[in-house]
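Step one of this worksheet: look at the structure below.
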Amino acid sequence: MHAEGRCHCGSIRYQAEVDPSRVAICHCTDCQVLTGSPYRVSVVVPAERFTLLAGEPKFYVKVAASGNRRAHAFCP
């Protein structure tokens with residue numbers, strides 16, 4: 001399935017070919033804080049099926065309560 005998106009301000013734009021069966025919902029505290037909702041929806045996309053169309057995201061690594069390290073990307 002073809003998907004296109006952007007950040008709220010429009011600095012970052014992307015497109016991807018996603019497999020709808022790879023959509024996941026997370027209810028952890030970090031995801032709740034990140035989204036301001038009871039859960040976060042995400043989908044795993046192989047790098048070769050993802051294209052950054054505009055912008056360059058900034059990254060930081062968050063260590064979850066479980067000890068897992070997760071890279072978050074945001075517009076500058």
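May I ask you to list the residues in the stretch 1-38 that are of a type in the set (Gly, Ala, Ser), outside any helix (DSSP H, G or I) and exposed (fewer than 13 other Cβ atoms within 10 Å of the Cβ)?
5, 10, 24, 36, 37
I'd like the residue in the stretch 1-42 that is of a type in the set (Val, Ile, Thr) and modelled with pLDDT of 90 or more and, out of all such residues, is nearest to residue 54 (Cα to Cα).
12
Could you tell me whether residue 41 is surrounded by 11 or more Cβ atoms within 10 Å (Cβ to Cβ), without any contact (Cβ under 8 Å) to a residue 24 or more places away in the chain and either in contact with a helix residue (DSSP H, G or I) (Cβ under 9 Å, 6 or more places away or on another chain) or among the hydroxyl-bearing types (Ser, Thr, Tyr) (or both)?
It is true that residue 41 is surrounded by 11 or more Cβ atoms within 10 Å (Cβ to Cβ), without any contact (Cβ under 8 Å) to a residue 24 or more places away in the chain and either in contact with a helix residue (DSSP H, G or I) (Cβ under 9 Å, 6 or more places away or on another chain) or among the hydroxyl-bearing types (Ser, Thr, Tyr) (or both).
Going by what's in this entry, would residue 56 be described as under 19 Å from residue 1 (Cβ atoms), free of Cβ contacts under 8 Å to residues at least 60 places away in the same chain and of a type in the set (D, E, K, R)?
Answer is no for this residue.
The values are calculated or read from the model by the stated rules, or taken from the named source; none is laboratory data. Everything quoted here is computed from the prediction, not taken from an experiment. FYI the Cβ positions are ideal-geometry reconstructions off the backbone, even for glycines, and counts take in every protein chain you see.
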